[in-house]
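**Student:** The structure is given below, and queries will be raised subsequently.
The values are calculated or read from the model by the stated rules, or taken from the named source; none is laboratory data. A quick note: this is a predicted structure, and the numbers were derived from the prediction, not measured. Every residue, glycine among them, receives a Cβ derived from its backbone with ideal geometry; neighbour counts consider all protein chains shown.
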Amino acid sequence: MAGKEEAERLQLYGRRRGRRLRAGQQGLLAHLLPKLRIAPTGPGERLDLAALFPAPTADVWLEIGFGGGEHLAWQAARHPGIGFIGAEFFLNGVASLLGHVARGGMGNVRIHPDDARPLLKALPDRGIGRAFLLFPDPWPKARHAGRRFVSPENIAELARILKPGGELRVASDDPGYIAWTLEHLTRSPDFEWLARGPADWRTRPEDWPPTRYEEKALNAGRKPAYLRFRRRS
(Lines give C-alpha, C1' and ligand atoms only; values in the text may rest on other atoms or scores of the structure.)
Protein backbone atom coordinates (compact mmCIF):
# COMPACT_ATOMS: atom_id res chain seq x y z
CA MET A 1 0.00 0.00 0.00
CA ALA A 2 2.84 2.39 0.89
CA GLY A 3 4.50 1.78 -2.47
CA LYS A 4 1.26 2.51 -4.30
CA GLU A 5 0.76 5.75 -2.35
CA GLU A 6 4.33 6.82 -3.12
CA ALA A 7 3.86 6.12 -6.84
CA GLU A 8 0.64 8.12 -6.93
CA ARG A 9 2.23 11.00 -5.04
CA LEU A 10 5.14 11.11 -7.48
CA GLN A 11 2.94 10.91 -10.58
CA LEU A 12 4.07 13.50 -13.08
CA TYR A 13 1.51 15.28 -15.21
CA GLY A 14 2.40 16.68 -18.61
CA ARG A 15 3.64 15.61 -22.01
CA ARG A 16 6.74 13.46 -22.40
CA ARG A 17 7.09 14.23 -26.11
CA GLY A 18 5.86 16.88 -28.53
CA ARG A 19 6.18 17.00 -32.29
CA ARG A 20 8.48 14.55 -34.00
CA LEU A 21 12.16 15.25 -33.39
CA ARG A 22 14.45 15.99 -36.30
CA ALA A 23 17.19 13.50 -37.12
CA GLY A 24 19.83 15.78 -35.60
CA GLN A 25 17.89 16.07 -32.36
CA GLN A 26 17.42 12.31 -32.21
CA GLY A 27 21.15 11.96 -32.67
CA LEU A 28 21.84 14.30 -29.76
CA LEU A 29 19.53 12.29 -27.51
CA ALA A 30 21.20 9.06 -28.59
CA HIS A 31 24.85 10.13 -28.41
CA LEU A 32 25.30 13.33 -26.37
CA LEU A 33 22.69 12.86 -23.66
CA PRO A 34 24.30 9.64 -22.27
CA LYS A 35 27.50 11.63 -21.66
CA LEU A 36 25.70 14.38 -19.77
CA ARG A 37 22.93 12.42 -18.09
CA ILE A 38 22.59 12.34 -14.31
CA ALA A 39 20.94 9.29 -12.80
CA PRO A 40 19.83 9.74 -9.16
CA THR A 41 21.37 7.20 -6.82
CA GLY A 42 19.55 4.74 -4.61
CA PRO A 43 17.29 5.77 -1.71
CA GLY A 44 19.16 7.78 0.88
CA GLU A 45 22.31 8.16 -1.23
CA ARG A 46 23.60 11.54 -2.40
CA LEU A 47 25.23 12.60 -5.64
CA ASP A 48 28.87 13.64 -5.58
CA LEU A 49 28.61 17.04 -7.28
CA ALA A 50 32.35 17.43 -7.76
CA ALA A 51 32.47 14.15 -9.68
CA LEU A 52 29.80 15.26 -12.16
CA PHE A 53 31.97 17.78 -13.99
CA PRO A 54 35.32 17.33 -15.75
CA ALA A 55 36.85 20.47 -14.18
CA PRO A 56 36.61 21.88 -10.65
CA THR A 57 33.62 24.19 -10.18
CA ALA A 58 33.27 27.21 -7.92
CA ASP A 59 29.58 26.46 -7.42
CA VAL A 60 26.70 24.38 -8.80
CA TRP A 61 23.42 25.88 -9.99
CA LEU A 62 20.20 24.01 -10.68
CA GLU A 63 17.33 24.71 -13.09
CA ILE A 64 14.08 22.83 -12.57
CA GLY A 65 12.05 22.46 -15.74
CA PHE A 66 14.40 24.24 -18.14
CA GLY A 67 11.95 24.18 -21.06
CA GLY A 68 13.85 24.83 -24.27
CA GLY A 69 17.10 25.39 -22.39
CA GLU A 70 17.69 28.99 -23.47
CA HIS A 71 18.13 30.31 -19.94
CA LEU A 72 20.35 27.47 -18.74
CA ALA A 73 22.57 27.64 -21.82
CA TRP A 74 22.89 31.43 -21.47
CA GLN A 75 23.94 31.12 -17.85
CA ALA A 76 26.33 28.24 -18.51
CA ALA A 77 28.06 30.09 -21.34
CA ARG A 78 28.62 33.16 -19.14
CA HIS A 79 29.70 31.23 -16.04
CA PRO A 80 32.14 28.57 -17.27
CA GLY A 81 33.50 28.08 -13.75
CA ILE A 82 30.09 27.04 -12.41
CA GLY A 83 28.51 23.64 -12.89
CA PHE A 84 24.91 23.56 -14.13
CA ILE A 85 22.34 20.83 -13.58
CA GLY A 86 19.08 20.96 -15.50
CA ALA A 87 15.99 18.80 -14.99
CA GLU A 88 13.33 18.53 -17.69
CA PHE A 89 10.74 15.82 -18.36
CA PHE A 90 9.81 17.02 -21.87
CA LEU A 91 12.20 15.30 -24.29
CA ASN A 92 11.81 17.97 -26.98
CA GLY A 93 13.12 20.49 -24.46
CA VAL A 94 16.01 18.18 -23.56
CA ALA A 95 16.91 17.92 -27.24
CA SER A 96 16.78 21.71 -27.54
CA LEU A 97 19.22 22.17 -24.63
CA LEU A 98 21.52 19.52 -26.08
CA GLY A 99 21.66 21.56 -29.26
CA HIS A 100 22.71 24.65 -27.29
CA VAL A 101 25.38 22.64 -25.47
CA ALA A 102 26.75 21.10 -28.66
CA ARG A 103 26.94 24.43 -30.47
CA GLY A 104 28.51 26.20 -27.49
CA GLY A 105 30.92 23.41 -26.58
CA MET A 106 29.85 23.66 -22.92
CA GLY A 107 31.42 21.16 -20.58
CA ASN A 108 29.75 22.51 -17.46
CA VAL A 109 26.20 21.24 -18.10
CA ARG A 110 24.63 18.03 -16.83
CA ILE A 111 21.05 16.92 -17.47
CA HIS A 112 18.44 14.90 -15.64
CA PRO A 113 15.85 14.17 -18.37
CA ASP A 114 13.03 13.27 -16.03
CA ASP A 115 10.98 14.33 -13.01
CA ALA A 116 13.00 16.75 -10.87
CA ARG A 117 11.79 15.43 -7.52
CA PRO A 118 13.99 12.30 -7.34
CA LEU A 119 16.93 14.48 -8.38
CA LEU A 120 16.25 16.90 -5.54
CA LYS A 121 16.28 14.04 -3.05
CA ALA A 122 19.63 12.84 -4.42
CA LEU A 123 21.37 16.22 -4.17
CA PRO A 124 23.58 16.77 -1.10
CA ASP A 125 22.75 19.13 1.72
CA ARG A 126 23.84 22.72 1.03
CA GLY A 127 25.34 21.78 -2.32
CA ILE A 128 23.52 24.23 -4.63
CA GLY A 129 24.30 27.94 -4.81
CA ARG A 130 21.36 29.00 -6.96
CA ALA A 131 18.14 27.37 -8.16
CA PHE A 132 15.77 28.44 -10.93
CA LEU A 133 12.10 27.61 -11.45
CA LEU A 134 11.04 29.61 -14.48
CA PHE A 135 7.50 29.61 -15.84
CA PRO A 136 6.39 26.25 -14.45
CA ASP A 137 2.99 24.89 -15.40
CA PRO A 138 0.61 26.95 -13.22
CA TRP A 139 -2.16 24.33 -13.11
CA PRO A 140 -4.72 27.13 -12.75
CA LYS A 141 -7.75 25.01 -11.88
CA ALA A 142 -8.34 24.68 -8.15
CA ARG A 143 -8.64 20.89 -8.32
CA HIS A 144 -5.17 20.71 -9.92
CA ALA A 145 -3.37 22.91 -7.39
CA GLY A 146 -1.74 19.85 -5.82
CA ARG A 147 0.19 19.32 -9.07
CA ARG A 148 2.08 22.60 -8.71
CA PHE A 149 5.80 22.26 -8.13
CA VAL A 150 5.79 24.90 -5.40
CA SER A 151 4.62 22.86 -2.43
CA PRO A 152 5.68 22.48 1.21
CA GLU A 153 7.54 19.26 0.41
CA ASN A 154 9.50 20.71 -2.51
CA ILE A 155 10.22 23.92 -0.63
CA ALA A 156 11.69 21.83 2.18
CA GLU A 157 13.92 20.00 -0.31
CA LEU A 158 15.05 23.28 -1.87
CA ALA A 159 15.87 24.63 1.58
CA ARG A 160 17.93 21.52 2.29
CA ILE A 161 20.00 21.59 -0.90
CA LEU A 162 20.58 25.37 -1.10
CA LYS A 163 23.60 26.86 0.60
CA PRO A 164 22.99 29.50 3.28
CA GLY A 165 22.68 32.73 1.33
CA GLY A 166 21.87 30.79 -1.84
CA GLU A 167 19.23 32.18 -4.16
CA LEU A 168 15.99 30.74 -5.50
CA ARG A 169 14.52 32.45 -8.55
CA VAL A 170 10.92 31.84 -9.61
CA ALA A 171 9.17 33.41 -12.60
CA SER A 172 5.56 33.15 -13.70
CA ASP A 173 3.04 35.05 -15.79
CA ASP A 174 0.05 33.49 -14.01
CA PRO A 175 -1.34 35.74 -11.23
CA GLY A 176 -2.68 32.77 -9.31
CA TYR A 177 0.66 30.97 -9.36
CA ILE A 178 2.51 34.14 -8.39
CA ALA A 179 0.25 34.57 -5.36
CA TRP A 180 0.57 30.86 -4.54
CA THR A 181 4.38 31.04 -4.69
CA LEU A 182 4.56 34.12 -2.49
CA GLU A 183 2.16 32.62 0.02
CA HIS A 184 4.15 29.41 0.37
CA LEU A 185 7.67 30.80 0.27
CA THR A 186 7.09 33.79 2.54
CA ARG A 187 5.50 31.39 5.01
CA SER A 188 8.66 29.28 5.05
CA PRO A 189 11.15 30.23 7.78
CA ASP A 190 13.97 29.15 5.45
CA PHE A 191 13.47 31.79 2.75
CA GLU A 192 13.49 35.57 2.58
CA TRP A 193 11.83 37.44 -0.31
CA LEU A 194 14.37 39.94 -1.61
CA ALA A 195 11.94 42.46 -3.11
CA ARG A 196 11.96 45.91 -1.50
CA GLY A 197 9.69 47.60 -4.04
CA PRO A 198 7.52 46.81 -7.10
CA ALA A 199 10.40 47.23 -9.54
CA ASP A 200 12.22 44.35 -7.84
CA TRP A 201 9.66 41.85 -9.09
CA ARG A 202 8.25 43.61 -12.15
CA THR A 203 11.61 44.06 -13.90
CA ARG A 204 13.76 41.15 -14.99
CA PRO A 205 17.36 41.53 -13.73
CA GLU A 206 20.09 41.93 -16.34
CA ASP A 207 21.60 38.55 -15.47
CA TRP A 208 18.26 36.83 -16.09
CA PRO A 209 17.80 36.27 -19.84
CA PRO A 210 14.36 35.85 -21.42
CA THR A 211 12.95 32.48 -22.42
CA ARG A 212 10.54 31.49 -25.17
CA TYR A 213 7.81 31.08 -22.56
CA GLU A 214 8.34 34.61 -21.28
CA GLU A 215 8.24 36.02 -24.80
CA LYS A 216 5.03 34.10 -25.46
CA ALA A 217 3.48 35.57 -22.31
CA LEU A 218 4.52 39.11 -23.20
CA ASN A 219 3.18 38.75 -26.74
CA ALA A 220 -0.14 37.67 -25.24
CA GLY A 221 -0.23 40.72 -22.98
CA ARG A 222 0.58 38.89 -19.75
CA LYS A 223 3.06 40.49 -17.35
CA PRO A 224 5.50 38.12 -15.67
CA ALA A 225 6.74 38.44 -12.12
CA TYR A 226 10.40 37.79 -11.32
CA LEU A 227 10.68 36.58 -7.73
CA ARG A 228 13.98 36.20 -5.90
CA PHE A 229 14.35 34.51 -2.52
CA ARG A 230 17.42 34.04 -0.33
CA ARG A 231 18.07 30.92 1.73
CA ARG A 232 18.37 32.10 5.31
CA SER A 233 21.44 31.06 7.25
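**Student:** Going through region 186-233 one residue at a time, which ones are hydroxyl-bearing (Ser, Thr, Tyr) and assigned to a helix (DSSP H, G or I)? Give the derivation first.
**Tutor:** Of region 186-233, the ones hydroxyl-bearing (Ser, Thr, Tyr) are 186, 188, 203, 211, 213, 226, 233.
Listed by number, the residues that qualify are Thr186, Tyr213.
**Student:** Looking only at residues in region 18-39 that are surrounded by 10 or more Cβ atoms within 10 Å (Cβ to Cβ) and at pLDDT below 85, which one is nearest to Leu52 (Cα to Cα)?
**Tutor:** Ala39
**Student:** Now a separate question. Within region 160-187, work out how many residues are surrounded by 18 or more Cβ atoms within 10 Å (Cβ to Cβ) and of a type outside the set (Val, Ile, Thr). Spell out the reasoning first.
**Tutor:** Here is the first cut: in region 160-187, the ones surrounded by 18 or more Cβ atoms within 10 Å (Cβ to Cβ) are 161-162, 166-174, 177-178, 180-182, 185.
If we keep only those that are of a type outside the set (Val, Ile, Thr) too, we end up with 162, 166-169, 171-174, 177, 180, 182, 185.
The total comes to 13.
**Student:** When Arg110 is evaluated against the numbered criteria (1) in a loop (DSSP other than H, G, I, E, B); (2) in contact with a helix residue (DSSP H, G or I) (Cβ under 7 Å, 6 or more places away or on another chain); (3) within 17 Å of Ala51 (Cα to Cα), which criterion, by number, is the only one it fails?
**Tutor:** Of (1) in a loop (DSSP other than H, G, I, E, B); (2) in contact with a helix residue (DSSP H, G or I) (Cβ under 7 Å, 6 or more places away or on another chain); (3) within 17 Å of Ala51 (Cα to Cα), only one is false for Arg110: (1).
**Student:** Among the listed residues Pro43, Pro80, which satisfies the condition of being modelled with pLDDT of 95 or more, out of contact with any Phe, Trp or Tyr (no Cβ under 9 Å at 6 or more places or on another chain) and either within 18 Å of Gly127 (Cα to Cα) or assigned to a loop (DSSP other than H, G, I, E, B) (or both)?
**Tutor:** Exactly one residue qualifies, and that residue is Pro80.
**Student:** Next question, about the same structure. For region 178-185, state whether one or more residues are in a strand (DSSP E or B), out of contact with any Cys (no Cβ under 9 Å at 6 or more places or on another chain) and closer than 17 Å to Ile64 by Cα.
**Tutor:** Just the residues of region 178-185 that are in a strand (DSSP E or B), to begin with: none.
No; the residues of region 178-185 include none that is in a strand (DSSP E or B), out of contact with any Cys (no Cβ under 9 Å at 6 or more places or on another chain) and closer than 17 Å to Ile64 by Cα.
**Student:** Out of all the residues in region 145-156, which are over 12 Å from the mean Cα position of the chain (by Cα) and touching a residue at least 40 places away in the same chain (Cβ under 8 Å)?
**Tutor:** Arg147
**Student:** Can I ask one more? Name the residue, out of Ala220, Ala225, Ala195, that is surrounded by fewer than 10 Cβ atoms within 10 Å (Cβ to Cβ) and either aliphatic (A, V, I, L, M) or touching a Gly at 6+ places or on another chain (Cβ under 6 Å) (or both).
**Tutor:** On the way: Ala225 fails: surrounded by fewer than 10 Cβ atoms within 10 Å (Cβ to Cβ); Ala195 fails: surrounded by fewer than 10 Cβ atoms within 10 Å (Cβ to Cβ).
Checking each option against the conditions leaves just Ala220.
**Student:** Take the residues in region 46-73 that are among the charged types (D, E, K, R) and not in a loop (DSSP other than H, G, I, E, B), then tell me which one is surrounded by the most Cβ atoms within 10 Å (Cβ to Cβ).
**Tutor:** Per the criteria, the residue is Glu63.
**Student:** Quick check on region 94-107: of everything there that is surrounded by fewer than 23 Cβ atoms within 10 Å (Cβ to Cβ) and touching a strand residue (DSSP E or B) at 6+ places or on another chain (Cβ under 9 Å), which residue is farthest from Ile64 (Cα to Cα)?
**Tutor:** Kept after step one, since they are surrounded by fewer than 23 Cβ atoms within 10 Å (Cβ to Cβ), are these residues of region 94-107: 96, 99-100, 102-107.
Next, from what is left, pick out any that are touching a strand residue (DSSP E or B) at 6+ places or on another chain (Cβ under 9 Å): 100, 106.
Numbers: His100: 17, Met106: 19 Å.
By that ranking, first place goes to Met106.
**Student:** Just name the residue that is surrounded by the most Cβ atoms within 10 Å (Cβ to Cβ) out of those in region 115-131 that are more than 12 Å from the chain's Cα centre (by Cα) and part of a helix (DSSP H, G or I).
**Tutor:** Step by step, filter region 115-131, then rank; the result is Ala122.
**Student:** Looking at Leu10, Leu49, Leu91, which is the one that is modelled with pLDDT under 95 and under 20 Å from Leu123 (Cα atoms)?
**Tutor:** Values: Leu49 fails: modelled with pLDDT under 95; Leu91 fails: under 20 Å from Leu123 (Cα atoms).
Step by step, each of Leu10, Leu49, Leu91 is checked, and only Leu10 is modelled with pLDDT under 95 and under 20 Å from Leu123 (Cα atoms).
**Student:** Name the pairs whose Cβ atoms lie under 6 Å apart, with the first residue in region 18-33 and assigned to a loop (DSSP other than H, G, I, E, B), the second buried (at least 16 other Cβ atoms within 10 Å of the Cβ), and 6 or more positions between them or separate chains?
**Tutor:** Pairs found: Gly18/Asn92; Leu21/Ala95.
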